[in-house]
1. Hey, can you tell me all the residues within region 5-35 that are among the basic types (K, R) and under 18 Å from the mean Cα position of the chain (by Cα)?
2. Does H13 qualify as being under 23 Å from K276 (Cβ atoms) and outside the structural domain of A136 (by TED's automatic domain parsing)?
3. When the residues of region 149-194 are filtered to those that are polar (S, T, N, Q) and outside any helix (DSSP H, G or I), which remaining residue is nearest to the ligand (Cβ to nearest atom)?
4. Going through V79, V50, V64 one at a time, which residue ends up being open to solvent by less than 30 Å² (accessible area, probe 1.4 Å) and assigned by TED's automatic domain parsing to the domain that holds P21?
5. Consider R206 carefully, then state whether it is in a helix (DSSP H, G or I), within 14 Å of the ligand (Cβ to nearest atom) and open to solvent by 40 Å² or more (accessible area, probe 1.4 Å).
6. Here's a check for you: in region 98-133, which residue that is under 26 Å from K164 (Cα atoms) and of a type in the set (F, W, Y) is farthest from the ligand (Cβ to nearest atom)?
7. Which one of the conditions (1) at pLDDT below 95; (2) over 30 Å from I176 (Cα atoms); (3) within 16 Å of the ligand (Cβ to nearest atom) does A136 fail to meet, given that it meets all the rest?
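The values are calculated or read from the model by the stated rules, or taken from the named source; none is laboratory data. Note that the structure is predicted; figures quoted are calculated from it, not measured. Here Cβ is always computed from backbone atoms with ideal geometry, including for glycine, and neighbour counts include all displayed protein chains. Ligands, DNA and RNA are stripped out before the accessible areas are found, and what is left, the full protein with its side chains, is counted by its heavy atoms. Shrake-Rupley method; radii C 1.70, N 1.55, O 1.52, S 1.80 Å.
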Amino acid sequence: MSTIIPLAAVLGHPIAHSRSPQLHGHWLARYGIAGHYVPIDVSPGNLDDVIRTLPKLGFVGVNVTIPHKEAVLGLADLVTDRATLIGAANTLIFRKDGKIHADNTDGYGFIQNIRQGAPDWQPKAGPALVLGAGGAARAIIASLLDVGVPKLVLANRTRIKAEKLQADFGKRVEVIDWIQVGNQIEDAHTIVNTTSLGMVGHPELRVPLDGLRPGQLVTDLVYAPLHTRLLVEAAAAGCTTVDGLGMLLHQAVPAFERWFGQRPEVDDQLRAAVLK
Ligand code: ATR
């Protein structure tokens, strides 16, 4: 009897920068699973063909990243409610009956990362302040509303993008001008940077941070560098801080479990493997 070796992949364009192969590779080795996880560069024009071919080659599922996260919704037979709400998927499961199931675990990863790093965090205790209204922001907003933030103040350099999100997510979202961010920090209970500011090769996040105070939870989706200016200043002001690497690690947990049948742990060894 031949043993089937399960395969999984991350599809993106470009894809060389992805840390997902190290992440899933670490878990496969750690749990002794005879599977493989590979990066595949897929241009948009080939996405449909590639996704329909992979199950025939032994793939049990894939992650999708930029620029395919929205397009895969149209290729899937089943889309979870949270992926529909976010308007994008990051995980596909190729089911035995041939159906393609699309999910978005980014918001789950975001919340789990905070819960692990700051177990005392009470999202309902006060407003959240979210910086940025790009691709990453939708999953963050959906997940913060889902865990019960009473109000979500949203600021983006291009205000109209924030207003579009407000129209999609409803009354708990309040849009402010980017220039007003500094004035809103003091009142926020949870502060999240979803912009690319502070990332290696990008400009620094230069909003006034003197409103930071103990009791606030501050997290940054940027994880290169791990200790962004926002997180360093927040820690110095006595805030609880959670870095962005954990979101990447936690979003992968449900996918790995569905594909390979083992719920994996997010721990320091995994962090070290991914940072290598
Ligand atoms: P992602 O999909 O990772 O969220 P994105 O869609 O390009 O990436 O969004 C990047 C975010 O960083 C956006 O909110 C962007 O603001 P705009 O919508 O105004 O472009 C924000 N951003 C990027 N550079 C910025 C800058 N110099 N100042 C303020 N915000 C910036």
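1. Of everything in region 5-35, just one residue is among the basic types (K, R) and under 18 Å from the mean Cα position of the chain (by Cα), namely R19.
2. no
3. T158
4. V64
5. no
6. Y108
7. (2)
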